[in-house]
Number of protein chains: 2
Amino acid sequence: MNAKKPAPQVPDCKEQLIAIKDTMILLSGKWKIQIIGWLLLYGKVRFMDMLRGIEGIAAKMLSKELQELEQNEIVARTVMPTKPTTVEYELTEHGKTLSGVIDAISAWGVTHRKFLFKKES
Amino acid sequence: MNAKKPAPQVPDCKEQLIAIKDTMILLSGKWKIQIIGWLLLYGKVRFMDMLRGIEGIAAKMLSKELQELEQNEIVARTVMPTKPTTVEYELTEHGKTLSGVIDAISAWGVTHRKFLFKKES
DNA sequence: GAAACTGGTTTCCTTTATGAAATCAAGTGG
DNA sequence: CCACTTGATTTCATAAAGGAAACCAGTTTC
């Protein structure tokens, strides 16, 4: 039984890499991380406020991304008994555990900007 | 001059949200974060080892993602003067500053798995 | 020379993702 | 009744992403 592929020159797949993959499946898409960042910053937010506040997002996308986040219990949706029905979204307790990820991403964005600035000077 | 859109009910766009967007533009795509995780874990790695080690990735994608990371000075590429030419990839100093992001993502994957486990029990 | 290995690139094709605009349902104010 | 609000969903269309397989170039080994 000759294997076609040569043996890999590196140790086997690590837990950490699996965990990275798991996380990124839930957070994939152009808007999810931005939405979570929003909710971390603002707490409870209504649909229309996010729609107007997150630059460039379309209603369909916002709706779809929020649904997916809700299914994964990262975001909670509450229908309020107001005159024109409003809906509030907020992070669940589990969703809030993403703050470490979001903060790291945000902080790196700043680091990267400094890096680019140093280059051009 | 009546604005068509009502005023947003939340304060204006924050720096943090811009930084998140900036970061995610560089790390978008199905494989980039996994690749960076790999390089953090293994250091210098050859092209073929990554191709065999990262499950499911095609040569085209690996090549393309590495090029993009190289353009953003996150990954460095070194052609080695060996018999069959080999090429080594590794994180640049700037690329290594992503370790906080990658670690947070990895750690959350573990947190999430625990969360799912608690639910089913 | 044939075959294999390295590190790619190219072609062709399919699947996802995203977006703009229209529509809808329920409710309010005039 | 008409217009407008909120929170969506539906339709239609396009753009982007991703993948399988073939191909290429340089070098080595049989």
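Here the stretch B:16-78 is treated as an ellipsoid with the same Cα gyration tensor; its semi-axes, largest first and in whole Å, are 22, 12, 11. Inter-copy label distances for A:Pro81: 8.1 nm (label point placed 7 Å from Cα along Cα→Cβ; shortest first).
State, as an integer percentage, the relative contact order of chain A based on alpha-carbon contacts under 8 Å between residues 6 or more apart. Mind showing how you got there, number by number?
Details: 78 pairs, mean separation 27.3, N = 121.
Averaging sequence separation for qualifying contacts and normalising by length gives 23 percent for chain A.
Distance in nm between label sites at A:Leu116 and B:Ser99, each 7 Å beyond Cα in the beta-carbon direction? With each label placed 7 Å out from Cα toward Cβ, I get 2.5 nm.
Report the accessible surface area buried between chains A and B, summing both sides, using a 1.4 Å probe on protein heavy atoms only, in Å² rounded to the nearest 100. Working shown, then result.
Values: alone 9510 and 9510 Å², together 14510 Å².
Accessible area lost upon association: around 4500 Å².
Mean per-residue shielding of peptide B:21-28 is 6, counting Cβ atoms of other chains within 10 Å of each Cβ.
Determine the shielding of peptide A:109-121 by partner chains: average, over its residues, the number of Cβ atoms on other chains within 10 angstrom of each Cβ. The partial results should precede the final answer.
Working: counts 13, 6, 7, 10, 5, 1, 7, 4, 0, 1, 2, 0, 0.
Partner Cβ neighbours, averaged per residue: 4.
Scanning chain B for the beta carbon that comes closest to the axis linking it by rotation to A yields B:Ala104, 2, distance in whole angstrom.
Please average, across the residues of B:75-84, the number of beta carbons from any other chain that are within 10 Å of each residue's own beta carbon, and give a whole number. Walk me through the numbers on the way to the answer.
Details: counts 0, 0, 0, 0, 0, 0, 0, 0, 0, 0.
That average works out to 0.
Each copy carries A:Arg46; placing its label point 7 Å along the C-beta direction from Cα gives inter-copy distances of 6.2 nm, listed from smallest up. The accessible area of A:Arg52, taken with all protein chains in place and a 1.4 Å probe, comes to roughly 90 Å². Rolling a 1.4 angstrom probe over the protein heavy atoms with all chains in place gives the protein assembly as shown an accessible area of 60 Å² per residue.
One equal scatterer on each Cα of the stretch B:28-120, no solvent, Debye formula: the resulting log10 I(q)/I(0) at q = 0.15 Å⁻¹ is -0.62. Over the stretch A:60-105, the pair-distance histogram of Cα-Cα distances with 5 Å bins from zero comes to 5, 20, 22, 23, 18, 7, 3, 1 percent, rounded to whole numbers. Taking every Cα-Cα distance in the protein assembly as shown and sorting them into 5 Å bins starting at zero, the pair-distance distribution P(r) comes out as 1, 5, 12, 15, 17, 14, 12, 9, 6, 4, 3, 1, 1, 0, 0, 0 percent.
The values are calculated or read from the model by the stated rules, or taken from the named source; none is laboratory data. In this text, all values refer to a predicted model and were calculated from it rather than measured experimentally. Neighbour counts run over all protein chains shown; Cβ positions are idealised from the backbone, glycine included. Side chains are part of the model used for accessible areas, which takes the heavy atoms of the whole protein and leaves out ligands, DNA and RNA. Shrake-Rupley method; radii C 1.70, N 1.55, O 1.52, S 1.80 Å.
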